Amino acid sequence: MIHIVVFASGTGSNAINLISHFRQHPAIRVKAVFCNRPDAPVIQKARAEGVPVVVFDRQAFNAPAFVDTLKQHDAHWLVLAGFLWLVPPALIDAFPQRIINIHPALLPAYGGKGMFGHHVHQAVLAAREPKSGITIHLVDHRYDHGDTLFQVTCPVLPDDTADTLASRIHALEHRWFPEVVETCITRGVLHLKTQHAAQTL
Ligand code: GAR
């Protein structure tokens, strides 16, 4: 069995969607949810799904022993689903090309430190962009920066608010994230990167 550890900090709709998607999968399972906010709704939701939750603080996250904690959970892939801290180098080195993030905009635009959730959608609306979308990418040493694996767009409508745009983006995330993670694990990072490069030519 290949094990995913999902990192989430908030509501956790993507984390729960990943748990459901892989529940019946013959070879892949969400082994645990790691959460950095003790009051995050995702904690109760994941536990209700029977998935163990590990809550940690910034000191633990940046300590060398954090990799050991992940190895104790038999983690093979890390999937960030609404997780906002910069991933430390030791973690990136321990999971080379095996950390995936989702971002609610079309990177490289509207990414970077502080660009999360409604901040992203407000910036997209303020710039009067005709479209937005989601980016699923590998994690490297910079915020929202690693190789893009997948992007899909949606329109930004004239009467959109940050809320209406957020729900359109969430729908895209729920539709595509589990499938892209599955393809990445079963067919390889290179397969997705090549496909994405071909689409953007
Ligand atoms: C998602 O829209 C995800 O793309 C975003 O946080 C949301 C979490 O929603 N991530 C970022 O903004 C990362 N920069 P959820 O808790 O309902 O899954």
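Structure summary
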read-out: Expected-Rg normalisation [2.2 N^0.38 Å, Cα atoms] applied to the stretch 148-201; value: 1.36
read-out: Burial order of peptide ranges 110-118, 129-137 (average beta-carbon count within 10 Å, highest first); value: 129-137, 110-118
read-out: Net dipole in debye of the chain [+1 Lys, Arg Cβ; -1 Asp, Glu Cβ; about Cα centre; nearest 20]; value: 240 debye
read-out: Pairwise FRET efficiency - HIS118 versus ILE2, Cβ, R0 = 45 Å, nearest 0.05; value: 0.85
read-out: Relative contact order (percent, whole number), the stretch 1-126, Cα cutoff 8 Å, 6+ residue spacing; value: 26 percent
read-out: Surface/4 of the Cα convex hull for the stretch 15-95, nm²; value: 5.3 nm²
read-out: Cα pair count fraction exceeding 13 Å, expressed as % - the stretch 77-142; value: 63 percent
read-out: Span-rule helices in the chain, defined as complete DSSP H runs reaching 27 Å or more along the axis (Cα) with Kyte mean at least -1.0; value: 162-187
read-out: Calculated [θ] (222 nm, deg cm²/dmol) that DSSP helices of n ≥ 4 give over the chain, each run adding -39,500 (n - 2.57); value: -13000 deg cm²/dmol
read-out: Kirkwood-based shape ratio for the chain, expressed as Rg/Rh from alpha carbons; value: 0.95
read-out: Reachable lysines from LYS71, criterion Cα separation under 21 angstrom, eight or more residues apart if same chain; value: LYS31
read-out: Relative contact order (%) - the stretch 1-73, alpha-carbon pairs under 8 angstrom, separation at least six; value: 31 percent
read-out: Size of charge dipole - the stretch 1-88 - debye, nearest 20, with Cβ of Lys, Arg +1 and Asp, Glu -1, no other charges; value: 140 debye
read-out: Leading residue at positive end of dipole, the stretch 1-98 (Cβ point charges), from ALA60, GLY12, ALA94; value: GLY12
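Taken together, the values in this text are just the output of simple stated rules run on the coordinates, not laboratory data. For clarity, every value in this text was computed on a predicted model and none was experimentally measured. Reconstructed Cβ throughout: ideal geometry from the backbone, glycine too, with neighbour counts over all protein chains shown.
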